[in-house]
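What follows is a single structure, written as structure tokens, with notes after it.
The values are calculated or read from the model by the stated rules, or taken from the named source; none is laboratory data. If you're wondering where the values come from, they're calculated on a predicted model, not measured in any experiment. Neighbour counts are summed over all protein chains in view; Cβ atoms, including those assigned to glycine, are modelled from backbone coordinates with ideal geometry.
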């Protein structure tokens, strides 16, 4: 949609202009529940993943047990028990090998699981975008929206595919290790009574500091993408005005801000890992010291077998290995916690798009406009993009079937806003608009918009053949119909001389053809439509004068029998209009046909003469 008529009036009301929501515990819990919902929808794979996790970790936990028994068989007071040693070594190897195989299978399962989740999430976001009102796209940077679909969802994917498995593994390993250590030596567990609470308190403290940093990182990267997309789309204009250095400087500032936010999030997140590792290494050192003391007392006979404090050398070895398994996941959890912070911030941005209010649903009593007569009446309409500032004030327009209404006025007068209201991209603040006598709000949006054909100043072509781009104007259009439309738009000869004719692929919005040719293709597309109302937004502004004369002839054919609304900047193109509406400061200052307005000698007459004098 061409927004030149009101872009300066709307202000910046996009997602990122809203106050940044703090991702507090309540919000994080809500995000976690919603992410869990995506996981649980793939419950067969998730249950298989849990089963693989439990079995793989159980086998991994059995390894130290057999290792300790082998050491006890070596240090046996009756001499080395070779049979017991070899049996336990074989059992230990089998456990570790099977655990590794199951871990591989688990990784594959999680990849499939997250692939389906990301597909579902991205599909849901895109489908939601198709239901949002035009106002959403008027007020949100395209680059930031794309960032949410790509970068933010990829961030969530990374966490689900890797960190989620790590968390499940860590939980089972911590609990399992604790049980084994409890059975080996209860006094030695007292070491963790001191170190574990320190780890937990430190982790919680750091999490509160780190969470907002990751939210800011996602926001700054979205703003950077939005700016880059905006500047890349205006590359030629930047080059013409030699503003490369200035634009580069602005990009550098945004890039630096984004990288600073990225660095702060990663730095403060990464501090947690080494800190927790130090605490865990300290706990393992204390375990080894305490275990060595208990073993010496056990060997000296001070502590008898069966006593609470009795422990063998194999028992000490087992406890040390289990303590590493116990402390390791805590350390790993601290390392991946900042990844979860990043994923939760990214997910929150995604859910903000999903939770955006869609277009107001059609009224239950809304009728379907089967075949419009083309009668449109705007009655005392007042409208503003923000409640406190009206763009249009008490507008009255009466368009009879088959008549041509031209809308002229200075930039910012509200010309495009009128078109937005006619298409019901926005609803009026007061007054009403009727089509064939029916209140627009009582007509389904789909049938209302199908009743119009639009040819805008800004052309839109998609990646596809010339035929596909023209046929977009009519579902199921044949090649003959497309060619007839192209001939009427005076573009057929040009298309025939393309390398593949109508099968020539237009890429990147049609950058491989001229701007005027792109405009002619969109006019050909409009020729195919059978709608009874037509909107032209200075549709010939991108062609040369000679081509414009031919296009005017084609446009007359296109306009036959249709109610036409023309936004005009070159007044020579609207002299034939039945009614010319002159907008000034949001109000209708003059109204009539060309001859009547010229006789009045008002604003229209001054504007018309200025263009020809």
So, first residue in the same structural domain as residue 299 (by TED's automatic domain parsing) and in a helix (DSSP H, G or I) in the stretch 70-88, second residue modelled with pLDDT under 80 and loosely packed, with under 15 Cβ neighbours inside 10 Å, Cβ within less than 6 Å, six or more apart or across chains; the pairs are 74/80
Scan 143, 176 and give me the residue that is closer than 30 Å to residue 258 by Cα and crowded, with 18+ Cβ neighbours inside 10 Å. 143
Residue 125 vs (1) modelled with pLDDT under 85; (2) in a helix (DSSP H, G or I); (3) surrounded by 14 or more Cβ atoms within 10 Å (Cβ to Cβ): all pass except (1)
Restricting attention to the stretch 583-597, the residues that are buried (at least 16 other Cβ atoms within 10 Å of the Cβ) and in a helix (DSSP H, G or I) number exactly 2
I'd like to know if the stretch 599-612 contains one or more residues that are in a loop (DSSP other than H, G, I, E, B), in contact with a strand residue (DSSP E or B) (Cβ under 8 Å, 6 or more places away or on another chain), free of Cβ contacts under 8 Å to residues at least 24 places away in the same chain and more than 25 Å from residue 452 (Cβ to Cβ). yes
Among 380, 436, 396, 480, the single one that is over 30 Å from residue 572 (Cβ atoms), in contact (Cβ under 8 Å) with a residue 40 or more places away in the chain and exposed (fewer than 15 other Cβ atoms within 10 Å of the Cβ) is 380
Number of positions in the stretch 139-161 that are touching a residue at least 60 places away in the same chain (Cβ under 8 Å) and either out of contact with any helix residue (DSSP H, G or I) (no Cβ under 8 Å at 6 or more places or on another chain) or over 19 Å from residue 106 (Cα atoms) (or both): 14
Residue list for the stretch 430-472, restricted to those being in a helix (DSSP H, G or I) and touching a helix residue (DSSP H, G or I) at 6+ places or on another chain (Cβ under 7 Å): 440, 448, 466, 467, 469, 470, 471
Of the conditions (1) modelled with pLDDT of 85 or more; (2) touching a helix residue (DSSP H, G or I) at 6+ places or on another chain (Cβ under 8 Å); (3) farther than 19 Å from residue 337 by Cβ, residue 310 satisfies every one except a single condition; which number is it? (1)
So is residue 432 at pLDDT 90 or above and in contact with a strand residue (DSSP E or B) (Cβ under 8 Å, 6 or more places away or on another chain) or not? yes
Identify all residues within the stretch 261-274 that are in contact (Cβ under 8 Å) with a residue 24 or more places away in the chain and either within 30 Å of the chain's Cα centre (by Cα) or surrounded by fewer than 16 Cβ atoms within 10 Å (Cβ to Cβ) (or both); write none if there are none. 261, 262, 264, 265, 266, 268, 269, 270, 271, 272
Among residues of the stretch 553-582 being within 38 Å of the chain's Cα centre (by Cα) and assigned to a strand (DSSP E or B), the residue surrounded by the most Cβ atoms within 10 Å (Cβ to Cβ) is 565
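Listed residues 166, 215; which is under 35 Å from the mean Cα position of the chain (by Cα), closer than 16 Å to residue 325 by Cα and assigned by TED's automatic domain parsing to the domain that holds residue 284? Before you say what the answer is, go through the steps one by one.
Numbers: 215 fails: closer than 16 Å to residue 325 by Cα.
So the residue among 166, 215 that is under 35 Å from the mean Cα position of the chain (by Cα), closer than 16 Å to residue 325 by Cα and assigned by TED's automatic domain parsing to the domain that holds residue 284 is 166.
Table: residues versus (1) out of contact with any helix residue (DSSP H, G or I) (no Cβ under 8 Å at 6 or more places or on another chain); (2) surrounded by fewer than 16 Cβ atoms within 10 Å (Cβ to Cβ); (3) at pLDDT 85 or above.
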site: 17; (1), (2), (3): yes, yes, no
site: 20; (1), (2), (3): no, yes, no
site: 23; (1), (2), (3): no, no, no
site: 28; (1), (2), (3): no, no, no
site: 36; (1), (2), (3): yes, yes, no
site: 56; (1), (2), (3): no, no, yes
site: 89; (1), (2), (3): no, yes, yes
site: 99; (1), (2), (3): no, no, yes
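Got at least one residue in the stretch 277-293 being under 30 Å from residue 151 (Cβ atoms), over 30 Å from the mean Cα position of the chain (by Cα) and outside the structural domain of residue 564 (by TED's automatic domain parsing)? Give the derivation first.
Within the stretch 277-293, the subset under 30 Å from residue 151 (Cβ atoms) is 277.
Retained after the next criterion (residues that are over 30 Å from the mean Cα position of the chain (by Cα)): 277.
The next check asks that each one be outside the structural domain of residue 564 (by TED's automatic domain parsing); those that pass are 277.
Checking the stretch 277-293: at least one residue is under 30 Å from residue 151 (Cβ atoms), over 30 Å from the mean Cα position of the chain (by Cα) and outside the structural domain of residue 564 (by TED's automatic domain parsing).
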